[in-house]
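To start, the structure under review is shown below, and the notes come after it.
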Amino acid sequence: MKSDFCLKSLSSFRADDGILYPLHFSDLPFEVKRFFLVTGVPIGERRGNHAHYVNKTYLVCAQGEIEVFLHNGNSESRHSLKAGDGVFVDNLIWDSQVYKTGKDILLSFCSIDYNPNDYIHDFDKFKSLVSHD
């Protein structure tokens, strides 16, 4: 049963003109094939609500505060991401995010190109799939 959820703060470099948060793709547990960002989400809105058969994701909060909920089919963990925080989401992990400020920006780094057939949108189906691990 998958359960190792890893919250990590990116290194930061502060200067008078801002903060730099570098992310080295070689530090991720997969090769990045796709990137997207989510912004403009109303306060309190929940997004995600799915798992992937194959795709692995690394989520990074670029701005604001985003609560990430990860479920392995047996237990759920909650991670409060602030600017520069990231969390790894393995395949066959159900995840959702709640956007807290209305000015949040979430970066998502993915291990595969977009494939609509890779998504699991039904939580009961997800639970039945992972119960056989």
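The values are calculated or read from the model by the stated rules, or taken from the named source; none is laboratory data. Computed from a predicted model, the values in this text were never measured in an experiment. Don't worry about glycine lacking a Cβ; one is built from the backbone with ideal geometry, like all the others, and counts go over all protein chains shown. These accessible areas exclude ligands, DNA and RNA; they are computed on the full protein's heavy atoms, side chains included. Shrake-Rupley method; radii C 1.70, N 1.55, O 1.52, S 1.80 Å.
Here the scattering of the stretch 56-133 is modelled by Debye summation over its C-alpha atoms, one equal scatterer each and no solvent; at q = 0.11, 0.13, 0.17, 0.18 Å⁻¹ the log10 of I(q)/I(0) is -0.30, -0.42, -0.70, -0.77. Share of carbon and sulfur in the accessible area of the chain stands at 49%, probe radius 1.4 Å. When the alpha-carbon atoms of the stretch 22-92 are used, the pair Rg, Dmax equals 12.6, 34 angstrom. Over the C-alpha trace of the chain, radius of gyration and Dmax come out as 14.9, 53 angstrom.
Build a GNM of the chain with springs between Cα atoms under 10 Å apart, and of P29, P42, P116 the one that fluctuates most is P116.
Using Cα pairs closer than 8 Å and at least 6 residues apart in sequence, work out the relative contact order for the chain, in percent. Walk me through the numbers on the way to the answer.
Details: 303 pairs, mean separation 45.9, N = 133.
Computed value for the chain: 34 percent relative contact order.
For the chain, modelled as a GNM whose springs connect Cα atoms under 10 angstrom apart, the maximal fluctuation among G86, G18, G40 occurs at G18. Which residue, chosen from V60, I105, A15, occupies the Cα position most advanced towards the positive end of the dipole of the chain, where the dipole is computed from +1 (Lys, Arg) and -1 (Asp, Glu) charges on Cβ about the Cα centre? Result: I105. Which of these, R34, R78, R14, has the largest mean-square fluctuation under a Gaussian network model of the chain (Cα springs below 10 Å)? Judging by the Gaussian network model, the answer is R14.
Just to verify a number: FRET efficiency for S75 and R47, C-beta to C-beta distance, R0 = 25 Å, to 0.05? For S75 and R47, the calculated efficiency is 0.70. Under the simplified labelling scheme, the T101-L20 pair shows an inter-label distance of 2.2 nm, with each label point 7 Å from Cα along Cα→Cβ.
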